[in-house]
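Accompanying notes for the structure given below.
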Amino acid sequence: MTTQVRTEPITVNLGPQHPSTHGVFRMRVTFDGEEIIDVEPIFGYLHRGSEKLAEERTYVQVVTLTDRMDYVGSMLNNQAYMLAVEKLAGVEPSPRGVWLRMIASELQRIASHLVAVGFLIQDLGAWGTPLIYTMREREKILDLFEMLCGARITNSYLRPGGVFMDAPEEFWPAMNAVLDELPPRIDDLDDLLTDNDIIFSRTKGVSVLTPEQMLDASITGPMLRAAGVDWDLRHRDPYDYYDQVTFERPLHTAGDNFARYWVRVQEMRESIKIVRQCEKLIEPGPVRPDHDDVPWLLRPPVGDAYAAIEHSKGELGFYLVSDGSISPYRCHVRAPSLINLTLLREMLVGELLADMFVSFGSVDINMGEVDR
Amino acid sequence: MNPAFLDNSLFRNIYCYLAGSSDSCAERGYDTTLLPAGFEWLAFAITAFLIINIVINAGLGAVVVYIWGERRILGRIQNRTGPNRWGPFGSLTSVADAIKTLFKEDIVPDEADRWLFNLAPILMVFPVLSVLAVIPFGVGTFVVDLNIGILFVIAITSMSGISVVLASWASGNRIAIFAGMRSVAMLISYEIPMALSLIGVLMLAGSMSLGKIVDAQDIPFILVQPLGLFVFLIAAQAETSRTPFDLIEAESELAAGYLNDYSSMKFGIFFLAEFLATIVASMLIVTLFLGGWRGWDPIPSQIWFAGKTVLVLLFIMWMRFSWPRLRVDQILSLAWKGLFELTLINIFVTAILIAIWPDPGITELLIMSAINWVVFFISIWLVSKLLRPGDYTAPAPRTDRPTYPVATDELPDEVAYTGGTTR
């Protein structure tokens with residue numbers, strides 16, 4: 001005799017108030033047992049209208065808005081925006097300012113990856129210990145930012161043509177101390193986490209995305225490199241002085257959660273190398289062009305410009321349209337967090353509830369940037 | 001009254017102080033007569049009430065101290081201070097938390113089944129407190145020495161699974177139902193290796209009574225039964241749902257699992273039961289494998305017992321704070337493909353050794369332990385080989401670039417963006 005047990009899918013609302021949604025993200029998920037059969041992402045809970053607000057502000061004032069988009073990558077946001085402004089206004093940046101912002105953005109990339117890795121382990125269910133280890137290292141980098149510009153998270157350090165303030169004398173030894181401390185800490189992280197059987201078995205082969213899928217969805221950044229596509233704007237389309245520094249581009253072929261995690265850990269090491277080279281190449285000089293050439297109140301000629309950088313999360317682009325006035329006519333942000341989320345359904349369907357937030361965390365999104 | 005109760009020194013002292021005229025007390029040299037003859041039943045009732053209160057309150061006090069200790073140690077492990085505001089070294093933090101929990105609003109959701117919702121916390125804490133009754137805390141310091149002690153422990157702790165299911169079902173919360181499904185799968189699976197891992201100890205001691213097991217440990221059974229301890233430690237972690245196995249209240253997945261809709265002291269009772277279960281599990285490990293209260297003389301046996309319990313607790317905390325959680329299928333495959341086989345190997349080997357040396361002395365026990373450790377390492381190696389997640393064949397070194405066409409061929413090296421034009 002066979003008995004048929006009638007089962008039915010169960011729909012659960014996860015978020016916006018949930019400990020692992022990295023902000024205020026909401027997913028309406030349909031489960032069959034523990035298996036996910038449908039996901040409907042719902043976002044917009046943190047929409048602040050940054051792009052619209054930019055139309056009401058001068059070009060320099062918009063820098064503060066970019067800080068608040070991806071608040072774990074403020075320096076990188078500043079850099080992308082400044083490249084767009086410089087392209088739009090035809091500003092020739094001063095070399096020392098460019099080197100300083102490269103240093104700042106590479107340090108920010110390390111900090112951002114530390115956050116991503118730490119929270120991925122947190123999503124895997126560790127009791128906060130690895131997260132606090134990574135946060136401790138990030139804290140040192142934030143201290144460096146405090147020396148550079150007085151702020152730790154929302155830096156607003158960059159200005160058209162460079163940065164607003166030269167690094168103080170005591171910054172360089174402090175930075176070297178941090179750079180000396182970081183590689184052994186990353187090795188510790190490798191020992192504790194990468195070789196850990198639990199982490200490996202939880203992340204290996206989960207939420208695999210193929211290169212074709214990701215290129216179709218224009219996903220960029222560590223997610224794409226984890227599937228073996230050698231696409232890094234610092235190498236493909238060098239902005240600033242990235243053509244003068246050498247660095248490796250870590251690639252993995254698996255395209256699963258572990259590969260995404262692995263690529264981020266390796267990229268931290270490469271960023272350290274880049275900062276060390278920048279420190280050697282930097283020369284004394286003004287950190288931004290003269291006020292007569294580049295005034296605070298920029299009036300770029302009528303036109304449009306798009307500039308993109310390799311953000312820690314992917315390609316971050318700013319598209320600015322100028323009508324010749326003191327504020328942008330239109331500002332659009334190509335936010336990697338939002339675009340990397342587009343394949344969320346493909347990643348999650350067929351996986352288990354336990355892996356859901358791990359996959360979600362491995363995308364490394366920031367709700368401030370998704371909703372803007 | 002069962003005269004066996006008088007083996008318990010605390011019981012004897014209180015009871016015979018009240019009713020010294022009774023025969024069993026007079027034999028032992030007591031001569032106080034607080035209560036007249038014929039009132040032995042009252043003396044028994046008062047004594048039992050007092051002892052039950054002492055044990056329960058000591059257990060709850062231990063939880064308060066343990067929560068504080070765990071927070072301090074968690075702080076140290078995580079490179080921070082931990083609680084340090086209330087009392088010396090923050091020792092009153094748990095008390096403050098308990099008071100805060102008491103004063104919270106007690107919410108019963110509309111969807112909830114009110115009776116079952118209120119019953120679940122009681123069912124959770126009751127079995128854990130009951131286990132305290134059979135644990136020998138020191139020489140003559142126990143409530144009762146049941147001759148089926150281990151059976152009692154295993155039987156009564158399996159009730160906690162029922163209470164988790166009740167709580168999750170009665171909440172009427174979908175997330176809690178996931179926790180209920182998981183608890184059914186996990187708690188019931190781990191009952192089996194947990195029970196089987198103790199059979200080796202039973203065979204060596206020849207008794208189910210926890211007191212007799214401690215008496216039998218001329219050398220601690222950790223040496224003779226490494227495999228049993230290994231399995232029991234893991235299974236106890238799973239049964240108390242501590243972190244590598246905390247599927248049921250997986251914070252990063254299910255928010256709080258079955259605790260989602262509980263507030264105020266009902267939540268507090270669940271919390272308390274969970275921590276008390278951890279302490280009880282460590283006490284059982286100490287009793288069964290680490291020689292219980294046995295130690296060297298100048299230090300009282302109760303201190304030995306407490307010290308060993310703290311050591312086991314520290315080990316459990318260390319595990320808890322270092323490792324991420326396993327997935328539900330991995331946890332079940334660990335139970336059925338790993339631990340279950342290990343217990344069978346353990347029972348088999350121990351049975352053969354007992355057949356060779358039916359009444360082992362210390363020399364025989366040492367020989368047995370040598371054989372058992374060899375078996376331990378071989379079987380752990382075999383099982384970990386079976387369960388290991390495998391490896392990537394080649395994790396893409398820089399020299400060996402993937403030959404995905406879009407990555408290397410079709411995309412141009414230089415990408416020209418059409419920005420920067422001036423109209």
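The values are calculated or read from the model by the stated rules, or taken from the named source; none is laboratory data. All values derive from a computational prediction rather than experimental measurement. All Cβ positions, glycine included, derive from the backbone under ideal geometry; neighbour counts span all protein chains shown.
Summary of values
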| read-out | value |
| --- | --- |
| Conditions (1) under 22 Å from B:Val131 (Cα atoms); (2) part of a loop (DSSP other than H, G, I, E, B); number of the one not met by B:Gly200 | (2) |
| Filter pass, B:Ser91 being in contact (Cβ under 8 Å) with a residue 60 or more places away in the chain and either of a type in the set (Gly, Ala, Ser) or out of contact with any Phe, Trp or Tyr (no Cβ under 7 Å at 6 or more places or on another chain) (or both) | no |
| Test: residue in segment B:228-248 that is crowded, with 20+ Cβ neighbours inside 10 Å, of a type in the set (D, E, K, R) and over 13 Å from the mean Cα position of the chain (by Cα) | no |
| Selection count, segment A:330-372, where residues are in contact with a Leu (Cβ under 8 Å, 6 or more places away or on another chain) and polar (S, T, N, Q) | 2 |
| Residue list for segment A:13-29, restricted to those being within 12 Å of chain B (Cβ to nearest Cβ), more than 21 Å from the chain's Cα centre (by Cα) and surrounded by 17 or more Cβ atoms within 10 Å (Cβ to Cβ) | A:Leu14, A:Gly15, A:His18, A:Val29 |
| Segment B:184-208, residues that are buried (at least 18 other Cβ atoms within 10 Å of the Cβ), within 25 Å of B:Trp304 (Cα to Cα) and of a type outside the set (A, V, I, L, M) | B:Ser197, B:Gly200 |
| Where a residue in segment B:222-246 is assigned to a helix (DSSP H, G or I) and its partner, wherever it lies, is buried (at least 24 other Cβ atoms within 10 Å of the Cβ) and among the hydroxyl-bearing types (Ser, Thr, Tyr), with Cβ under 6 Å and at least six apart | B:Gly228/B:Ser197; B:Val231/B:Ser197; B:Val231/B:Thr343; B:Phe232/B:Ser197; B:Ala235/B:Tyr190; B:Ala238/B:Tyr190; B:Glu239/B:Tyr190 |
| Residue list for segment B:215-251, restricted to those being among the charged types (D, E, K, R) and away from chain A (no Cβ under 11 Å) | B:Asp215, B:Asp218, B:Glu239 |
| Helices (runs of 4 or more DSSP H) wholly inside segment A:164-253 that include at least 2 residues being touching a residue at least 60 places away in the same chain (Cβ under 8 Å) and under 17 Å from A:Glu346 (Cβ atoms) | A:211-216, A:222-225 |
| Count of residues meeting criterion [crowded, with 20+ Cβ neighbours inside 10 Å and away from chain B (no Cβ under 11 Å)] in segment A:340-362 | 7 |
| Residues satisfying the stated conditions in segment B:252-273, i.e. in a helix (DSSP H, G or I) and more than 14 Å from chain A (Cβ to nearest Cβ) | B:Tyr258, B:Ser264, B:Met265, B:Lys266, B:Phe267, B:Gly268, B:Ile269, B:Phe270, B:Phe271, B:Leu272, B:Ala273 |
| Conditions (1) modelled with pLDDT of 85 or more; (2) over 24 Å from the mean Cα position of the chain (by Cα): number failed by A:Gly314 | (2) |
| Scan of segment B:253-303 for residues that are among the hydroxyl-bearing types (Ser, Thr, Tyr) and surrounded by 23 or more Cβ atoms within 10 Å (Cβ to Cβ), ordered by number | B:Tyr258, B:Tyr262, B:Thr278, B:Ser282, B:Thr287 |
| Selected residue [at pLDDT below 85, more than 17 Å from the chain's Cα centre (by Cα) and within 22 Å of A:Asp67 (Cβ to Cβ)] from A:Val275, A:Val294 | A:Val294 |
| Count of segment A:43-68 residues which are in contact with a strand residue (DSSP E or B) (Cβ under 8 Å, 6 or more places away or on another chain) and at pLDDT below 85 | 1 |
| Test result for B:Glu111, out of contact with any Cys (no Cβ under 7 Å at 6 or more places or on another chain), more than 25 Å from B:Phe271 (Cα to Cα), among the acidic types (Asp, Glu) and modelled with pLDDT under 85 | no |
| Matching residues, segment A:163-189, being within 21 Å of the chain's Cα centre (by Cα) and modelled with pLDDT under 85 | A:Leu189 |
| Breaking point among (1) buried (at least 23 other Cβ atoms within 10 Å of the Cβ); (2) at pLDDT 85 or above; (3) over 30 Å from B:Met181 (Cα atoms), for A:Ile365 | (2) |
| Residue list for segment A:299-328, filter: within 12 Å of another protein chain (Cβ to nearest Cβ), closer than 17 Å to A:Met82 by Cβ and in a loop (DSSP other than H, G, I, E, B) | A:Pro300 |
| Residue among A:Leu120, A:Leu107 that alone is more than 19 Å from A:Arg234 (Cα to Cα) and either in a strand (DSSP E or B) or of a type in the set (A, V, I, L, M, F, W, C) (or both) | A:Leu120 |
| Scan of segment B:304-349 for residues that are of a type in the set (Gly, Ala, Ser), surrounded by fewer than 18 Cβ atoms within 10 Å (Cβ to Cβ) and more than 16 Å from the chain's Cα centre (by Cα), ordered by number | B:Gly307, B:Ser322, B:Ser333 |
| Any hit, segment B:350-358, residues being more than 30 Å from B:Leu60 (Cα to Cα) and among the aromatic types (Phe, Trp, Tyr) | yes |
| Residue check for A:Glu212: within 14 Å of chain B (Cβ to nearest Cβ), modelled with pLDDT of 85 or more, farther than 21 Å from A:His311 by Cβ and more than 21 Å from the chain's Cα centre (by Cα) | no |
| Residues located in segment B:152-177, provided they are over 16 Å from B:Lys266 (Cα atoms), over 16 Å from the mean Cα position of the chain (by Cα) and assigned to a helix (DSSP H, G or I) | B:Ile162, B:Arg174, B:Ile175, B:Ile177 |
| Filter result for the condition that a residue is acidic (Asp, Glu), touching a helix residue (DSSP H, G or I) at 6+ places or on another chain (Cβ under 9 Å), in a helix (DSSP H, G or I) and touching a residue at least 40 places away in the same chain (Cβ under 8 Å), over B:Glu111, B:Glu70 | B:Glu70 |
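Matching residues to (1) in a helix (DSSP H, G or I); (2) at the interface with another protein chain (Cβ under 10 Å from one of its Cβ atoms); (3) within 16 Å of B:Thr278 (Cβ to Cβ); (4) of a type outside the set (Gly, Ala, Ser):
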position	(1), (2), (3), (4)
B:Gln302	yes, no, no, yes
B:Thr309	yes, no, yes, yes
B:Val312	yes, no, yes, yes
B:Pro324	no, yes, no, yes
B:Asp329	yes, yes, no, yes
B:Leu339	yes, no, no, yes
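Rundown of residues vs (1) among the hydrophobic types (A, V, I, L, M, F, W, C); (2) surrounded by 23 or more Cβ atoms within 10 Å (Cβ to Cβ); (3) in a loop (DSSP other than H, G, I, E, B), yes/no style:
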{"site": "A:Phe31", "(1), (2), (3)": "yes, no, no"}
{"site": "A:Tyr45", "(1), (2), (3)": "no, no, yes"}
{"site": "A:Glu51", "(1), (2), (3)": "no, no, no"}
{"site": "A:Thr64", "(1), (2), (3)": "no, no, no"}
{"site": "A:Tyr71", "(1), (2), (3)": "no, no, yes"}
{"site": "A:Leu76", "(1), (2), (3)": "yes, yes, no"}
{"site": "A:Ala80", "(1), (2), (3)": "yes, yes, no"}
{"site": "A:Lys87", "(1), (2), (3)": "no, no, no"}
{"site": "A:Gly97", "(1), (2), (3)": "no, yes, no"}
